[in-house]
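Enquirer: Quick one: the structure is below, and I'll ask about it shortly.
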Amino acid sequence: MTGKYTLIYADPPWTYRDKAADGERGAGFKYPVMNVLDICRLPVWDLSADDCLLAMWWVPTQPVEALKVVEAWGFKLMTMKGFTWHKTNKHKGNSAIGMGHMTRANSEDCLFAVRGKLPARMDASICQHVTAPRMENSRKPDIIREKLVQLLGDVPRIELFARQSTHGFDVWGESV
């Protein structure tokens, strides 16, 4: 890590509050998870520049908890839907079918929050909807990182809870 970042991209390993949390289907069975209090305690405020965009994936059943993290990290919410990833089946190309309480989940959302002033937008043509194949557990499409760079330009950036190294991003996470 090199200092203060204008872009912080995060995919916290949320603890789910449902019956799958204890089974072989839940996130905790596939990778280490964290409760909201522990996520809030991470000193992300020390990483962020005075003017910084946070792009953070959140769990649809826990919007209040996502907002607690945003606030604890020193940011103000811009939108709960900075990006919406519509997951497709990587072999057939049709909509992927996941778990869900009422309807079968096949999308995830990445919120945008800001600290200080919003960093300058370099490209006003970026759309929030992304259609991309579902990959291994918790891995997000590379195109999201690409769109964030297209949106803000070549600014200092870090990916928190990263599962792989990515060119141009400093990374922090158990998997890298």
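Just so you know, all these numbers are worked out from the coordinates, no wet-lab data involved. Everything numeric here is computed off the predicted structure, so don't read it as measured data. Heads up, the Cβs are rebuilt from the backbone with ideal geometry, glycines too, and the neighbour counts pull from every protein chain shown.
Enquirer: About the Cα centre, and with charges only on the beta carbon of Lys, Arg (+1) and Asp, Glu (-1), how big is the dipole of region 5-172? Nearest 20 debye, please. Let's see the in-between values first.
Expert: Working: 22 positive and 19 negative charges, 114 e Å.
Dipole about the Cα centre, nearest 20: 540 debye.
Enquirer: In addition: Would you calculate, for the chain, the mean residue ellipticity at 222 nm contributed by helices, counting each DSSP H stretch of 4 or more residues as -39,500 (n - 2.57) and dividing by all residues, to the nearest 500? Walk me through the numbers on the way to the answer.
Expert: Values: 4 runs with 31 residues, N = 176.
Rounded to the nearest 500, the figure is -4500 deg cm²/dmol.
Enquirer: What is the distance, in nm, between label points placed 7 Å from the Cα along the Cα-to-Cβ direction at Arg104 and at Asp38?
Expert: Each label point lies 7 Å from its Cα, and together they span 3.2 nm.
Enquirer: I need to check one value: relative contact order of the chain, counting alpha carbon pairs closer than 8 Å and at least 6 residues apart, in percent. Mind dumping the intermediate values first?
Expert: Numbers: 330 pairs, mean separation 45.6, N = 176.
Taking the mean separation of contacting Cα pairs over the length of the chain, I get 26 percent.
Enquirer: Which one is right for this structure if volume of the Cα convex hull per residue in Å³ is calculated from it: [x] 137; [y] 118; [z] 156?
Expert: The value computed from this structure is option [y].
Enquirer: Taking amide hydrogens as modeled 1.01 Å from N in the peptide plane, which residues meet the under 5 Å criterion relative to Phe161, leaving out close sequence neighbours?
Expert: Long-range HN contacts for Phe161: Trp172, Gly173.
Enquirer: Please tell me which of these pairs span more than 18 angstrom C-alpha to C-alpha: Lys90/Lys140; Lys117/Lys147; Lys81/Lys140; Lys87/Lys140; Lys76/Lys117; Lys4/Lys81? Mind dumping the intermediate values first?
Expert: On the way: Lys90/Lys140 13 Å; Lys117/Lys147 20 Å; Lys81/Lys140 15 Å; Lys87/Lys140 10 Å; Lys76/Lys117 10 Å; Lys4/Lys81 25 Å.
From Lys90/Lys140; Lys117/Lys147; Lys81/Lys140; Lys87/Lys140; Lys76/Lys117; Lys4/Lys81, over 18 Å: Lys117/Lys147; Lys4/Lys81.
Enquirer: Still on this structure, please answer the following. Once you list every other residue whose beta carbon is under 12 Å from the beta carbon of Val171, what net charge do they have if Lys and Arg are +1 and Asp and Glu are -1?
Expert: On the way: positive: Arg145, Arg157, Arg163; negative: Asp11, Glu159, Asp170, Glu174.
Result for the local shell: -1.
Enquirer: HN-Hα J couplings of region 127-132 from phi, Karplus 6.51/-1.76/1.60, θ = phi - 60°, integer Hz, Gly and Pro as x?
Expert: Working through the residues one at a time gives 8, 6, 7, 10, 10, 7 Hz.
Enquirer: Tell me which trypsin sites (Lys or Arg not before Pro) from region 36-107 have a DSSP coil assignment and no more than 14 other beta carbons within 10 Å of their own.
Expert: On the way: sites: Arg41, Lys68, Lys76, Lys81, Lys87, Lys90, Lys92, Arg104; in loops: Lys90, Lys92, Arg104.
The qualifying sites are Lys90, Lys92, Arg104.
Enquirer: Take His86 and Gln128, extend 7 Å from each Cα along the Cα→Cβ direction, and tell me the distance between the two endpoints in nm.
Expert: 1.5
Enquirer: Which loop GluC sites (Glu not before Pro) in region 132-176, with loop taken from DSSP, have no more than 11 other Cβ atoms within 10 angstrom of their Cβ? If you can, show how the numbers build up before the last one.
Expert: Details: sites: Glu136, Glu146, Glu159, Glu174; in loops: Glu136, Glu174.
Of the GluC sites (Glu not before Pro), the ones in loops of region 132-176 whose Cβ has at most 11 other Cβ atoms within 10 Å are Glu136, Glu174.
Enquirer: Rounded to the nearest 5, what % of the DSSP beta bridges within the chain are antiparallel ones? Write out the running numbers ahead of the final one.
Expert: On the way: 15 of 33 bridges.
Close to 45 percent.
Enquirer: Just going by the charge dipole of region 122-176, with Lys and Arg at +1 and Asp and Glu at -1 on Cβ, which of Val155, Met135, Ala124 is farthest out on the positive end?
Expert: Sorting the options by dipole projection puts first Met135.
Enquirer: Also: On full extension of the chain, what length is gained from Ser95 through Leu67, given 0.36 nm per residue of separation minus the C-alpha to C-alpha distance? Each step should come with its number before you reach the end.
Expert: Details: separation 28, 0.36 × 28 = 10.08 nm, distance 2.86 nm.
Taking 0.36 nm per residue and subtracting the Cα distance, the gain is 7.2 nm.
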